[in-house]
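For reference, the structure is listed below as structure tokens.
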Amino acid sequence: MGVDLLLGVLGGVLLAYAAYCTIQYRAVLKIREEEFAGPPAEVLFEIFIGLALCFWAALRVPGKYLPILPDSKENRLVSLPENQDFMIFNHRGKVFPLDLDLKHES
């Protein structure tokens, strides 16, 4: 896990460096009064490698994936009432008026 985490950090640093290089490249283009058509090929390569390292770390660092068993006792909904038609939820939506008579003018 330590090597994978280090690769993820390296990928993040590489992405930050690619962003810094792109900012510097745009500054040089402003001085030369040229249009920005896109980052150079080296920056695109750095972005690709940085993303690959970050994806690798995202898949490897959390650990082993466990299956979700549908027949497990921990997955049962035992705390809900039998009749779910009358469930009331308190949320911020009750502040807005309930007038839903919206008419489309054409």
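Can you say whether VAL61 is modelled with pLDDT under 90, out of contact with any strand residue (DSSP E or B) (no Cβ under 7 Å at 6 or more places or on another chain) and surrounded by 10 or more Cβ atoms within 10 Å (Cβ to Cβ), as far as the supplied structure shows? Against the criterion (modelled with pLDDT under 90, out of contact with any strand residue (DSSP E or B) (no Cβ under 7 Å at 6 or more places or on another chain) and surrounded by 10 or more Cβ atoms within 10 Å (Cβ to Cβ)), VAL61 qualifies.
Have a look at ILE68, ILE49 and point out the one that is under 20 Å from the mean Cα position of the chain (by Cα) and either modelled with pLDDT of 85 or more or within 30 Å of LEU6 (Cα to Cα) (or both). Give the derivation first.
Details: ILE68 fails: under 20 Å from the mean Cα position of the chain (by Cα).
From the options ILE68, ILE49, the qualifying one is ILE49.
Would you mind finding the one in PHE36, PHE55 that is loosely packed, with under 13 Cβ neighbours inside 10 Å, at pLDDT 90 or above and among the hydrophobic types (A, V, I, L, M, F, W, C)? So that I can check it myself, show each step before the final result.
Values: PHE36 fails: at pLDDT 90 or above.
Sole residue among the options that is loosely packed, with under 13 Cβ neighbours inside 10 Å, at pLDDT 90 or above and among the hydrophobic types (A, V, I, L, M, F, W, C): PHE55.
The values are calculated or read from the model by the stated rules, or taken from the named source; none is laboratory data. Everything numeric in this text was worked out from a predicted model, so none of it was measured. FYI the Cβ positions are ideal-geometry reconstructions off the backbone, even for glycines, and counts take in every protein chain you see.
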